[in-house]
Amino acid sequence: MAIHPPSRRIWWNEPIEKDEIVWIAIAFLWGLVMFGMMVYWHVAGRQNLSTKAYRIDPAVYEQRTEAFAEKYKVRDEGESGIPVAKPPPGADIYLLSRLWQWWPVLELEEGQTYRLHIMSTDWLHGFSLQPENINIQVHPGYEHVVTLTPTREGTYSIICNEYCGINHHTMASKLYVVKPKKG
Ligand SMILES: [Cu+2]
């Protein structure tokens with residue numbers, strides 16, 4: 001209770017001021033603009049991906065990823081010992097996220113198109129490709145599929161950008177993009 005109650009008890013029951021109407025209209029119109037921008041960026045933006053997602057049993061996905069890594073393994077990654085898979089151009093490629101790693105490491109060829117599958121087998125993780133700033137929220141139980149064409153050779157970093165527990169900060173990996181071999 002205020003120290004001095006308003007003199008008119010029903011103080012709010014009066015016409016809205018013109019200024020207030022103007023501000024409400026501006027905010028509403030801006031909201032519509034931003035809503036339209038979501039659609040616009042989805043089509044014309046460079047970061048909002050058109051991903052597809054399918055429900056899948058994590059155990060099945062794990063098996064597929066293991067078979068994929070075994071088939072295309074070219075070496076082991078230095079410190080972590082995670083296999084590096086180098087699939088042929090056009091292949092379906094599999095990446096698995098779990099506490100606290102990305103598995104396997106991928107090596108792709110510049111200018112080739114791949115279908116990238118990503119799934120988490122435990123919690124929510126965030127696929128973030130740096131320094132490109134491509135982000136995909138990785139939900140457990142859903143296989144996310146993105147068509148991807150790396151355009152520049154180099155070593156990219158994959159980090160987890162959804163907090164997923166005590167070792168979240170260690171959940172980092174690499175993506176290698178190499179020039180196609182001639183001949
Ligand atoms: Cu994570």
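The values are calculated or read from the model by the stated rules, or taken from the named source; none is laboratory data. A quick note: this is a predicted structure, and the numbers were derived from the prediction, not measured. A quick note on method: Cβ atoms are made from the backbone with ideal geometry, for glycine too, and the neighbour counts reach across all protein chains shown. Only protein heavy atoms, including side chains, enter the accessible area calculation; ligands, DNA and RNA are left aside. Shrake-Rupley method; radii C 1.70, N 1.55, O 1.52, S 1.80 Å.
Limited to segment 107-151, what total is found for residues that are of a type in the set (A, V, I, L, M, F, W, C) and under 17 Å from Tyr72 (Cβ atoms)? Working first, answer last.
From segment 107-151, those of a type in the set (A, V, I, L, M, F, W, C) are 108, 116, 118-119, 123-124, 127, 129, 134, 136, 138, 145-146, 148; that's our starting set.
Within this subset, residues satisfying the condition of being under 17 Å from Tyr72 (Cβ atoms) are 108, 116, 118, 148.
The qualifying residues number 4.
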(message) Please go through segment 149-173 and give me each residue that is more than 16 Å from the ligand (Cβ to nearest atom), open to solvent by 40 Å² or more (accessible area, probe 1.4 Å) and touching a residue at least 40 places away in the same chain (Cβ under 8 Å), ordered by number.
(response) Thr151, Arg152, Glu153
(request) Mind listing just one residue for me: the one in segment 174-183 that is assigned to a loop (DSSP other than H, G, I, E, B) and of a type in the set (D, E, K, R) and, of those, surrounded by the fewest Cβ atoms within 10 Å (Cβ to Cβ)? (result) Lys182
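Which of the residues spanning segment 130-148 are touching an Asp or Glu at 6+ places or on another chain (Cβ under 9 Å) and open to solvent by 60 Å² or more (accessible area, probe 1.4 Å)?
Within segment 130-148, just Gln137 meets the criteria.
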